[in-house]
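The structure appears right after this line, and notes come after that.
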Amino acid sequence: MSRFTGRTALVTGASRGLGRVVAHALAAEGAAVGVFGRSRDRVEETVAAIEREGGRALALVGDLRVDDDVRDCVARLAEGFGGPDLLAHTAGVLRFGSLPELAEDDWDLLFDTNVKSCFRLARHVVPAMRARGGGAIVHVSSVFAQAANPGAAAYAASKAAMDALTKIMALDHIGEGIRINGVAPGSMRTPMLEATAAEQSPGDPEAMLRAVGALHPLGRLIEPEEVARLVLYLLSDDAASIVGETCVIDGGRLAQIGVAKRV
Ligand SMILES: NC(=O)c1ccc[n+]([C@@H]2O[C@H](COP(=O)([O-])OP(=O)(O)OC[C@H]3O[C@@H](n4cnc5c(N)ncnc54)[C@H](OP(=O)(O)O)[C@@H]3O)[C@@H](O)[C@H]2O)c1
């Protein structure tokens, strides 16, 4: 029997990038997975790929900034598969700009998507977990919450707010059998980072990706599959004593002394 057999998992941001990898990994270990994202095509592609691999998945098309979407998607997942017992909150957005230059809409987008989403998800997911007798949640943060490149103030603040929510929510709900943790990855090759490289280094995005990789003492970018393994560990019963932690997975980037170049 696999680690997540009989469990239902909701994965936000599962239409691409890290979330898609997490959704595949959970399904491969027996979970029935709710694949949440805005892009219907990409959500359905993820579901079809999981089903081709023999897993169980349900397409949940919605916007985390809309409370009715979150409520309806959680309800549809409960109807389809029961639960959820597990939540991997992977969806996120990134915008660059020092505060005077950042558009107010971008500030609002960052905080609505990265922070208020935790509130909306908690309101609908925690009651469902209580009804199942417990559960586990992982919030995907970033090393930028702890030491960011210049130009990422609002993104860094949104991820630091997420880390604070992880700690306090963990204390609020551990007595109900709901374990809440976070992960803080270094830079991963996903559509988010590829879009940044294409925008900031249009002539040679690959050169920029190599340079970003070299900022990590490990000497390369972090693979989404490596982060997914940490997410699954934290969601699993193996991590029963880990509560309220945001675990760094960054190839040594935060451990080093040095001034990172803006990426
Ligand atoms: N890539 C990195 O280097 C890196 C480093 C550290 C931390 N992170 C964090 O890791 C997480 C995953 O990032 P990624 O690199 O995989 O990003 P990505 O490739 O841009 O994917 C982001 C995902 O979030 C979803 N999403 C965005 N806004 C949404 C909304 N309002 N409602 C529902 N879904 C929404 C997107 O869905 P649609 O496409 O369907 O809209 C997509 O599935 C994020 O929280 C990010 O901040 C990334």
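The residues in the range 107-120 that are away from the ligand (no atom under 13 Å from the Cβ) and surrounded by 17 or more Cβ atoms within 10 Å (Cβ to Cβ) can be counted, and the count is 1. For the range 200-221, the criterion of being surrounded by 14 or more Cβ atoms within 10 Å (Cβ to Cβ) and closer than 30 Å to Ala32 by Cβ is met by no residue.
Per-residue answers, yes or no, for (1) more than 10 Å from the ligand (Cβ to nearest atom); (2) modelled with pLDDT under 95; (3) under 20 Å from Pro84 (Cα atoms); (4) not aromatic (Phe, Trp, Tyr):
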position	(1), (2), (3), (4)
Ile180	yes, no, yes, yes
Val212	no, no, no, yes
Leu218	yes, no, no, yes
Glu225	yes, no, no, yes
Leu232	yes, no, yes, yes
Val248	yes, no, no, yes
Ile257	yes, yes, no, yes
Ala260	yes, yes, no, yes
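What about Leu102, is it more than 14 Å from the ligand (Cβ to nearest atom), modelled with pLDDT of 95 or more, touching a helix residue (DSSP H, G or I) at 6+ places or on another chain (Cβ under 8 Å) and open to solvent by less than 40 Å² (accessible area, probe 1.4 Å)? So Leu102 passes the test. When Gly55, Gly92 are checked against the criterion of being more than 19 Å from the chain's Cα centre (by Cα) and buried (at least 19 other Cβ atoms within 10 Å of the Cβ), a single residue qualifies: Gly55. Taking Arg123, is it within 16 Å of Ala170 (Cα to Cα) and more than 14 Å from the ligand (Cβ to nearest atom)? So Arg123 passes the test. What number of residues within the range 5-20 are in contact (Cβ under 8 Å) with a residue 40 or more places away in the chain and surrounded by fewer than 24 Cβ atoms within 10 Å (Cβ to Cβ)? Qualifying residue count for the region: 2.
Within the option set Ile257, Ile242, being part of a loop (DSSP other than H, G, I, E, B) and under 30 Å from Arg132 (Cβ atoms) holds for one residue only, Ile242. Might you check whether a residue that is farther than 19 Å from Met129 by Cβ and either out of contact with any His (no Cβ under 7 Å at 6 or more places or on another chain) or crowded, with 18+ Cβ neighbours inside 10 Å (or both) occurs anywhere in the range 67-76? Within the range 67-76, one or more residues are farther than 19 Å from Met129 by Cβ and either out of contact with any His (no Cβ under 7 Å at 6 or more places or on another chain) or crowded, with 18+ Cβ neighbours inside 10 Å (or both).
The values are calculated or read from the model by the stated rules, or taken from the named source; none is laboratory data. Just so it is clear, the structure is predicted and the values come from calculations on it, not from any experiment. Cβ atoms come from the backbone with ideal geometry, glycine included; neighbour counts cover every protein chain shown. Surface areas here come from the heavy atoms of the whole protein model, side chains and all, with no ligands, DNA or RNA. Shrake-Rupley method; radii C 1.70, N 1.55, O 1.52, S 1.80 Å.
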